[in-house]
Amino acid sequence: MVVGTDGSYLGDHAVRWAARHADLMGDMLHVYQSTVDDTVAQALLNYPTLPVTHFTDVLDPLSTLVTASADARTIVVGARGKHHPGLGLGHLIRPLVALAACPVVIVKGHPDAIHGHHTTVSVAIGDTADDAPLRCAVGIARGTGATLRILHAGPPAHGTIEWAMDTARSIAPDLSSAATHVPGPHHEIVAKVHDTDLLVIGRGRTPSLGRVTTEALFHAPCPVLVVDSTWQDTSPPAALNRPEGRRRRR
């Protein structure tokens, strides 16, 4: 797992989020920091046994993180940094999401969600083509001990919810999960995740980010994970939740 930070408030939370999930899912953590201070060390105090590689003075964060994404399970960043005060997204977020070779987590939202207090992972799907977001969400929910909430967005597609539930059960038979259809405009998805710790969503099927994805990045009250439809997780399923079988990966 890879995390980038500039020492900002959300950058610090991104490091903490990445450390917690890397520890739960048996990953190594690679930290790329554009500044030199003690914020990363402070964020990692609760994870003394987590294998960490720390790079400082990163001059080109976008290029560095895109390159690192080729060998990473996940890239984690804060929604905005020191040079983007106020609301909205930092200028690196959309290019990073578009170019990264692995899923990207944008840490934002309410503190309860950032710290995982809801123990729920939600995934937005449109139809059976959204296999990658669904599988990604199942893996994270299983690895962190969370409940999975499947949100079928947009016009109802026959058999989509049944397919999603069957897929989730085939990957993680013991995972607690539920599915619902969310009709209406894009903001309805955001309204359904007020009590979730992470929203997993597809990147979109055009070169630019999809409308639902863009809505989630700007307005979701929780961290958002964006994954491309071609993504495949190569880590062995048995590695999760079994300390003796954990696989250390960036």
Between a first residue in the range 162-179 that is β-branched (Val, Ile, Thr) and a second residue that is crowded, with 18+ Cβ neighbours inside 10 Å, which pairs have beta carbons less than 6 Å apart while being 6 or more apart in sequence or on different chains? 167/134; 171/138
May I ask you to verify whether residue 47 is in contact (Cβ under 8 Å) with a residue 12 or more places away in the chain and part of a loop (DSSP other than H, G, I, E, B)? yes
State whether the residues of the range 115-128 include one that is of a type in the set (A, V, I, L, M), farther than 18 Å from residue 74 by Cβ and in contact with a Lys or Arg (Cβ under 7 Å, 6 or more places away or on another chain). no
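Each row is one residue, and each column tells you yes or no for (1) basic (Lys, Arg); (2) more than 30 Å from residue 34 (Cα to Cα); (3) surrounded by fewer than 23 Cβ atoms within 10 Å (Cβ to Cβ); (4) at pLDDT 95 or above.
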residue: 90; (1), (2), (3), (4): no, no, yes, no
residue: 135; (1), (2), (3), (4): yes, yes, yes, yes
residue: 138; (1), (2), (3), (4): no, yes, no, yes
residue: 163; (1), (2), (3), (4): no, yes, yes, yes
If you scan the range 113-149, which residues turn out to be within 21 Å of residue 183 (Cβ to Cβ) and of a type in the set (Asp, Glu)? 127, 130
Among what's in the range 169-214 and is part of a helix (DSSP H, G or I) and in contact with a Pro (Cβ under 9 Å, 6 or more places away or on another chain), pick the residue that is modelled with the highest pLDDT. 171
In the range 17-44, residue surrounded by the fewest Cβ atoms within 10 Å (Cβ to Cβ) [restricted to those that are in a loop (DSSP other than H, G, I, E, B) and without any contact (Cβ under 8 Å) to a residue 60 or more places away in the chain]: 38
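The values are calculated or read from the model by the stated rules, or taken from the named source; none is laboratory data. All values reported here derive from a predicted model rather than from experimental measurement. Every residue, glycine among them, receives a Cβ derived from its backbone with ideal geometry; neighbour counts consider all protein chains shown.
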